[in-house]
Amino acid sequence: MEYLKRIDESKDEMVRTLQELVSIKSVEDKPAKDAPFGKGVAEAFDYMMKKAESEGFDTENADNYGGHIEFGGYILDEEGQITGTSDEVMGIIGHLDVVPEGSDWEYEPYGGVIADGRIYGRGTIDNKGPVVAAYYAMKALRDSGYMPEKKVRLILGLDEETNWKGMYHYLSKVKAPDFGFTPDAEYPAIYAEKGILVFQLAKKIGKSAGKGLELRSLTGGNAPNSVADYARAVVRADKMEAYDKVKELASQYRDQNCAEEGQHAYGAKLNCKGVGKSLEIVVQGVSAHGATPEDGTNAVSVLMDFLGKIDIINDDVNEFVEFYNKHIGFELDGSAMGCGLSDEASGKLVFNVGKVDLEGEALILTINIRYPVTFNDDTVYQAMMPVINKYNMGVIKIKNQDPIYMPKDHPMIKTLMEIYGEHTGDTEREPILIGGELMPELQRIS
């Protein structure tokens with residue numbers, strides 16, 4: 001087929017395009033002029049839009065909050081001549097923003113390095129790689145003479161990893177597609193995506209009484225939907241001997257919990273060093289996506305586990321540490337929090353701590369939950385409230401994204417599976433479920 005030939009001929013160009021796009025650090029940042037999600041995100045958006053325009057595609061920019069690239073939508077007569085255009089749209093929904101890069105990369109995270117037949121860099125899978133693939137598929141179809149009856153529209157989101165404000169703005173300016181798909185997960189096709197909650201738990205911390213180790217600072221993690229790969233605590237004592245004890249406990253902790261595979265803090269690095277008159281405790285964990293926290297090692301959980309083994313004089317801090325280790329710890333399904341929900345369609349709830357911060361007089365946890373498709377956000381919150389109330393904490397609700405569920409025999413899923421089988425020859429694989437990151441307004445077209 002002509003379009004397949006053109007895709008093969010464009011391979012080197014596709015790789016260069018992805019490398020150039022990956023080189024742009026499109027992590028959401030402070031708004032700037034014509035850049036509501038920061039300059040890096042705006043640069044990535046501008047790159048794709050200018051490329052599409054220079055290659056003859058129609059584009060639409062919704063005030064730099066998002067946009068699309070499209071072709072097709074032709075009404076033909078019996079002789080194949082164009083007589084008009086269609087208002088029906090098939091959407092391909094992608095995004096150009098990425099989560100913070102974290103640490104411990106073997107290759108430069110924005111280098112687009114090619115090694116062993118792979119391109120390494122933030123966004124190569126989520127979601128710049130799929131966006132580039134979809135763009136060149138559209139280009140191959142168009143250049144081979146294919147004229148679709150419906151418009152084929154590649155929609156570019158710009159804050160998918162954070163708050164979705166861009167897509168809400170885009171949809172206030174542009175009619176949503178009639179149907180479509182999202183190349184932002186895995187093959188062959190997704191039949192269910194768990195619901196997503198992002199919220200904070202906050203505990204007020206009073207002043208310390210007496211003398212001893214006092215917690216002065218606590219930070220960790222980069223984003224709710226990432227396993228925290230870094231955490232740091234600073235403690236202060238009136239006697240240096242207290243620091244020696246902490247260092248001794250840190251050495252024991254590393255030997256007992258971090259050294260061998262299968263141990264709960266395996267892969268983590270815990271170190272202590274003096275900083276002025278204080279002692280800094282740093283944990284390096286292993287990053288992973290918040291939907292699959294089992295692939296990483298949460299630095300916040302390691303640090304909290306360790307803090308539970310040292311003597312801190314503040315009762316509120318100790319209560320917070322106790323809460324964390326008793327009801328979160330290294331558990332990933334929320335059972336100890338009371339929200340260990342599960343269903344036949346999508347399995348167990350997934351619980352991930354993305355961040356921890358000591359802000360003023362409050363310790364704050366930022367948590368990301370992926371809940372099963374037959375439940376709703378109220379059920380999850382109600383299940384956790386007995387534990388939350390016991391420790392006198394407040395809840396700050398940030399985001400809820402309802403689950404998506406189509407039975408495996410749904411016409412959309414069956415069609416996608418047939419197309420996958422036809423082009424790959426793989427007729428054995430079944431559709432799958434994922435943690436999910438899809439906008440509620442686009443559920444009906446996913």
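Quick notes on this one:
- Of the residues making up the range 15-27, at least one is free of Cβ contacts under 8 Å to residues at least 24 places away in the same chain and either farther than 14 Å from Ile155 by Cα or not in a helix (DSSP H, G or I) (or both).
- Subset of the range 63-76 [over 21 Å from Tyr135 (Cα atoms) and either at pLDDT 95 or above or crowded, with 19+ Cβ neighbours inside 10 Å (or both)]: Asp63
- The condition of being surrounded by fewer than 19 Cβ atoms within 10 Å (Cβ to Cβ), of a type in the set (Asp, Glu) and part of a loop (DSSP other than H, G, I, E, B) holds for only one of Glu60, Glu79, that being Glu79.
- Candidates Ala288, Ala299: the one that is within 15 Å of Lys355 (Cα to Cα), at pLDDT 95 or above and in contact with an Asp or Glu (Cβ under 6 Å, 6 or more places away or on another chain) is Ala299.
- Within the range 302-346, restricting attention to residues that are among the small types (Gly, Ala, Ser) and crowded, with 22+ Cβ neighbours inside 10 Å, the residue that is modelled with the highest pLDDT is Gly334.
- Selection from the range 205-225 of residues that are more than 21 Å from Asn318 (Cβ to Cβ) and crowded, with 24+ Cβ neighbours inside 10 Å: Gly221, Pro224
- Residue satisfying condition, being of a type outside the set (Ser, Thr, Tyr), more than 18 Å from the chain's Cα centre (by Cα), assigned by TED's automatic domain parsing to the domain that holds Ile328 and modelled with pLDDT under 95, within set Glu359, Glu428: Glu359
- Sole residue being free of Cβ contacts under 8 Å to residues at least 24 places away in the same chain and either among the hydroxyl-bearing types (Ser, Thr, Tyr) or not assigned by TED's automatic domain parsing to the domain that holds Trp105 (or both), chosen from Val302, Val275, Val321, Val286: Val321
- Scanning the range 364-423 for residues that are surrounded by fewer than 19 Cβ atoms within 10 Å (Cβ to Cβ), hydroxyl-bearing (Ser, Thr, Tyr) and over 30 Å from Phe320 (Cβ atoms) returns Thr374, Thr415, Tyr420.
- Failed item, numbered, when Lys50 is tested on (1) under 24 Å from the mean Cα position of the chain (by Cα); (2) closer than 21 Å to Tyr110 by Cα; (3) of a type outside the set (Gly, Ala, Ser): (1)
The values are calculated or read from the model by the stated rules, or taken from the named source; none is laboratory data. Every value quoted in this text rests on a predicted model; they were computed, and no experiment measured them. Note that each Cβ is placed from the backbone with ideal geometry, even for glycine, and that neighbours are counted across all protein chains shown.
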